[in-house]
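**Student:** The structure's right below; bear with me while I get my questions together.
No lab work stands behind these numbers, since they all come straight from the coordinates. Since the model is a prediction, treat every value here as computed from it, not as a measurement. Cβ atoms come from the backbone with ideal geometry, glycine included; neighbour counts cover every protein chain shown.
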Amino acid sequence: MNHKTWTNALTCLCVLAPSLACALPEESNMATASAPPVATAPAPAPSDAAPRRRALLVGINDYSASDLSAPKPAADAGPLPKGQRGDWPDLAGAVNDVEAMRDMLVGRFEFQDADVHLLKDQEATRDAILRAIREHLVEPVQKGDVVVFHYSGHGSQVRNSKSPERDQLDESIVPADSIRGAFDVRDKELRGLFNEALAKGARPVVVLDSCHSGSGVRGLLDGSQSRVLQPDLRDVADGKDYGPPIEDCGALVLAAAQDDEPALESTDESNRRHGAFTLALLRALRAASPGESSRYVFERAQGWLATSRYQRPVLEGLPERRAEPLFGAPSEGQGGAVVAVEGVGGDGQVWLRGGWIDGLAPGSELRRFGAESSAGPRLRVTELDGRLRSRAEVLAENGADSEVKRGDLFEVDTWVADLQSLRVWVPCAETTDAARSLAEKLAASARDGKLGWVEDPTETTPSHVVRWSGGAFELLEPGRPPTILGERPSVDDVLSHLPDDAQLFVQLPAPAALPGQLEIGPGSRYSAVEVVDDPGQATYVLAGRLRDALNNPTLEYAWIRPGSRQGDRESVHLPERSAWIALASSPSGDLKETSWKLRDKVLRLYKVFAWSLLEPGPGARAAFPYRLAIADAGGALVDELVSGRDYTLVLHTEDGAPVDAASVQNRYVYVFAIDSAGASTLLYPQISRSSENKYPGVSVKDGSAPGRIDLGADSRFEVVEPFGFDTFYLFSSADPISDPGLAFQYEGVRGREPPRRSALATLLAEVGSTKRGSRGRATSSSWSIDKKTYPTKRAED
């Protein structure tokens with residue numbers, strides 16, 4: 001079952017266009033068993049009433065149902081058989097998801113507090129979810145209203161013997177009273193409710209941060225909690241025809257992952273847990289320009305997600321709907337760079353209605369809205385107070401209009417880039433002898449046919465992982481907490497926990513002396529890389545393996561992305577692993593050479609990571625609406641790059657159409673590519689011609705700037721090894737970069753830094769550096785960055 005199964009089952013009553021018209025099917029027995037009766041639709045609102053934005057946000061961490069009674073079971077189903085669905089593990093980030101999304105909708109996209117409703121933890125029973133959708137997203141809506149349904153929690157499937165789907169399982173979201181026997185809320189039930197909203201001309205946006213297939217296994221397991229529950233095999237026997245999918249009728253559906261991938265949790269900069277997809281979406285919304293298309297917001301979220309988890313999210317909707325803003329037409333204040341003063345203290349302290357969601361951070365500077373930089377007072381943010389508010393100090397008072405009063409508007413003038421550390425996990429043991437001995441014995445069992453042996457988890461996906469962690473060995477398998485095996489388990493102990501078809505990877509620890517010689521982490525020589533204690537927080541883990549275990553066993557180590565597998569190499573920005581590095585042959589051998597090689601690899605990975613995460617200030621893209629593309633020798637845009645062929649670079653607007661030249665800022669353009677080894681190559685401009693790269697330059701006769709700009713022969717290039725995927729970056733700035741060769745071109749660990757003549761040059765130096773300051777780097781907002789990954793291959797491949 002692929003991701004279309006969920007979205008295709010969410011069908012609609014299409015009255016938006018005659019060609020899509022369909023009849024509303026009869027309500028299913030399952031829907032009416034727990035949901036309130038369907039109310040008569042209210043009279044249409046006056047045609048001049050302004051459309052509203054409404055949201056229902058459901059987040060469930062607590063699946064214990066400790067304060068809930070058992071619901072009355074459906075007459076034809078009976079109670080849930082004991083143990084059928086396994087465990088109901090609690091989550092940690094679902095409530096954080098919906099609270100942060102509420103702040104984003106209210107603070108950035110001008111939803112009214114009264115129109116955003118939350119159901120959290122045990123409030124979110126089956127009945128409550130269905131009732132709240134009807135009461136808040138169906139009954140009160142009118143034409144043009146944007147209605148947002150966001151669900152964070154476990155997903156699953158429900159048996160349906162009358163389903164036309166091959167597996168006869170309906171996708172579902174798991175309510176808080178599921179463990180008491182309540183049925184899941186199935187996709188078909190949600191379909192009927194969103195049908196009614198669409199029939200009134202509403203514009204639904206459905207966001208699902210959950211997964212629905214428990215069978216997906218990906219790469220190296222790290223024990224992270226997946227948002228999936230085993231299927232409910234009680235038969236709902238619902239064979240009704242539910243018509244076309246809602247995304248074909250004007251709705252947008254965003255799902256956290258493909259059907260063969262888990263939807264995982266991650267941590268933000270403050271170590272708060274979130275759904276990895278929701279966190280990526282929040283970051284993308286924070287950086288979005290006013291009126292930016294849903295497609296671009298989704299692509300940015302996809303890029304963010306690829307730096308933390310191997311999930312490929314899904315966006316479904318008509319092309320014209322994806323070209324529109326996610327939450328409807330932008331309003332005047334939606335840009336996110338203008339904030340209001342809520343209060344002023346006698347000591348010059350200022351309280352602002354604007355915080356993290358507006359792109360503010362300690363060190364951000366603001367000027368009076370609409371004023372020149374040198375006119376009137378300037379404010380500098382000193383502290384964030386949650387996501388929606390912050391505190392600032394008055395820096396300067398210039399001119400007559402210098403007093404700061406409640407209600408004054410200020411706009412971001414200097415923005416602080418968030419330079420995050422690359423988080424890694426380095427499991428260690430005093431000696432590797434016990435782990436190596438266990439690995440050799442398990443490899444012998446594999447030779448005897450007792451299990452499958454995995455030598456590289458990025459090449460062959462393991463079903464189980466044995467690793468050393470916290471003084472004991474543990475066994476990992478998808479969807480379950482780790483099984484503790486003890487300090488010295490026997491082979492029989494391990495085999496007793498494995499199914500007959502197990503594919504096992506034994507992840508070996510590093511010698512205890514190795515981390516100190518790596519010299520990474522805060523306060524060290526290479527502070528850009530942070531060592532964490534929780535593998536679930538790590539972007540890379542240091543994994544050891546026993547190579548050629550049966551013949552000439554060799555202990556090797558590599559930095560591996562959890563969840564990474566071979567097929568991901570051409571779809572994400574970050575490499576799935578570094579090269580394998582052999583440990584010194586002697587048990588007490590010198591680790592210096594091994595540690596130097598491993599450090600070199602992780603610093604290269606950091607550079608790719610840092611560029612992947614670098615984002616400009618809020619609204620910065622609006623002044624330069626161009627994206628990057630690559631054309632072949634005939635001028636056609638391409639999706640992959642092949643060796644031996646000539647390519648050139650192209651700048652284009654979203655739809656390729658000209659734009660009003662008065663709204664576009666002329667900027668200096670730089671294009672560079674980072675390959676899978678972490679090396680960066682400046683492609684444009686040529687270093688000798690770095691002053692001839694300002695675009696869009698002269699506008700066409702009708703006063704518009706071109707929709708496509710070919711950078712021509714000066715941007716010609718061809719691809720060479722290493723093949724796999726390269727990420728291309730378009731960097732534009734109102735100010736020229738004094739030495740683009742040093743800023744954008746280097747081989748792994750850079751030798752010397754660019755001259756630090758400006759805040760922007762300093763920022764670029766730190767992105768490509770191996771050190772990270774305790775605070776982000778403040779720069780102007782007159783620059784932006786666009787990125788795109790292309791698969792690269794040999795011509796004969």
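**Student:** Taking 0.36 nm per residue of sequence separation and subtracting the Cα-Cα distance, how much length would be gained by fully extending the chain between E440 and S270, in nm to one decimal?
**Tutor:** 57.1 nm
**Student:** Tell me, in nm to one decimal, what length is gained between A795 and Q230 on full extension, where the rule is 0.36 nm per residue of separation less the Cα-Cα distance?
**Tutor:** Gain on extension, A795 to Q230, equals 198.9 nm.
**Student:** Just add up the charged neighbours of V158: K/R +1, D/E -1, any other residue whose Cβ is under 11 Å from the Cβ of V158.
**Tutor:** -3
**Student:** Below 13 angstrom from the Cβ of R203, what's the summed charge of the other residues (Lys, Arg +1; Asp, Glu -1)?
**Tutor:** +3
**Student:** Moving on to the next point. Only bridges with both residues in the range 403-526 count here: give the DSSP antiparallel percent, nearest 5.
**Tutor:** 45 percent
**Student:** Let me ask something else about it. If packing is taken as the mean number of other Cβ atoms within 10 Å per residue, what is the order of 275-281, 760-766, highest first?
**Tutor:** 275-281, 760-766
**Student:** With the crude spin-label approximation of a point 7 Å out along Cα→Cβ, what separation in nm comes out for W596 versus L550?
**Tutor:** 3.7 nm
**Student:** Using Cβ contacts closer than 10 Å as the measure, can you line up E292, E171, E365, E269 from fewest to most?
**Tutor:** E269, E365, E292, E171
**Student:** Using amide H atoms built 1.01 Å from N in the peptide plane, name the residues 5+ places from L485, or on other chains, whose amide H lies under 5 Å from its own.
**Tutor:** Counting only residues 5 or more places away or on other chains, the set is F473, E474, L475.
**Student:** What FRET efficiency do you get for T431 and R525 if R0 is 25 Å and r is their Cβ-Cβ distance, rounded to the nearest 0.05?
**Tutor:** Computed FRET efficiency for T431 and R525 comes out at 0.40.
**Student:** Still on this model: What ranking do H274, H652 get, fewest neighbouring Cβ atoms within 10 angstrom at the top?
**Tutor:** Ascending Cβ contact count within 10 Å gives the list H652, H274.
**Student:** Using Cα centres only, tell me the gap between the range 290-328 and the range 521-563 in whole Å.
**Tutor:** One Cα centre to the other: 32 Å.
**Student:** Straight-line reach only, C-alpha to C-alpha below 24 angstrom: list the lysines that K441 could link to, leaving out same-chain residues fewer than 8 apart.
**Tutor:** Answer for K441, where 24 Å is the Cα cut-off: K450, listed by chain and number.
**Student:** Ranked by Cβ crowding within 10 angstrom, fewest neighbours first, how are H497, H136 ordered?
**Tutor:** Placing the least packed residue first, the sequence is H497, H136.
**Student:** In whole angstrom, how far apart do the alpha carbon centroids of the range 131-191 and the range 432-451 sit?
**Tutor:** After rounding, the separation between the Cα centres reads 46 Å.
**Student:** Report the label-to-label distance for R708 and V638 in nanometres (one decimal), using points 7 Å from each Cα along the Cα→Cβ vector.
**Tutor:** About 1.6 nm separates the two model spin labels.
**Student:** Let me check against my output: what whole-number percent is the relative contact order of the range 477-549, with C-alpha pairs under 8 Å and at least 6 apart?
**Tutor:** For the range 477-549, the relative contact order is 27 percent.
**Student:** Could you derive backbone 3J(HN,Hα) for the range 706-719 from the dihedral phi with the Karplus parameters 6.51, -1.76 and 1.60 (θ = phi - 60°), listing whole Hz in sequence and x where the residue is Gly or Pro?
**Tutor:** x, x, 9, 10, 8, 7, x, 4, 5, 9, 5, 7, 9, 9
**Student:** Report the FRET efficiency, 1/(1 + (r/R0)^6), for E110 and A375, where r is their Cβ-Cβ distance and R0 is 41 Å, rounded to 0.05.
**Tutor:** Efficiency at R0 = 41 Å is approximately 0.90.
**Student:** Per-residue HN-Hα couplings for the range 512-526, Karplus 6.51 cos²θ - 1.76 cosθ + 1.60 at θ = phi - 60°, whole Hz, x for Gly and Pro?
**Tutor:** Values, residue by residue: 4, 7, 5, x, x, 7, 5, 6, 10, x, x, x, 8, 5, 10 Hz.
**Student:** Can you give the Rg to Rh ratio for the range 338-416, taking only C-alpha atoms and Rh from Kirkwood?
**Tutor:** Reported Rg/Rh, Kirkwood definition of Rh: 0.92.
**Student:** Please sort 641-651, 192-202, 622-632 by packing, taking for each peptide the average over its residues of neighbouring beta carbons within 10 angstrom, highest first.
**Tutor:** Listed from highest to lowest mean packing, they are 192-202, 622-632, 641-651.
**Student:** Here is the link list: K597/K694; K592/K793; K601/K788; K188/K787; K200/K240; K601/K694. Which ones come out longer than 29 Å on Cα distance?
**Tutor:** Long pairs (Cα-Cα over 29 Å): K597/K694; K592/K793; K188/K787; K601/K694.
**Student:** When you take every Cα atom in the range 422-611, what is the radius of gyration, and what is Dmax, the widest Cα pair distance, in Å?
**Tutor:** So, for the range 422-611, Rg and Dmax equal 16.1, 49 Å respectively.
**Student:** Determine the equivalent ellipsoid of the range 429-536 by diagonalising the alpha-carbon gyration tensor, then write out the semi-axes as square roots of 5 times the eigenvalues, largest first, rounded to whole Å.
**Tutor:** 28, 15, 13
**Student:** Continuing with the same structure: In the range 180-211, which residues have a backbone nitrogen under 16 Å from the label point lying 7 Å from E165's Cα in the Cα-to-Cβ direction?
**Tutor:** Only 184-192, 208-211 pass the distance filter.
**Student:** Can you pull out the trypsin sites (Lys or Arg not before Pro) in the range 494-559 that DSSP calls coil and that have at most 13 other Cβ atoms within 10 Å?
**Tutor:** R525
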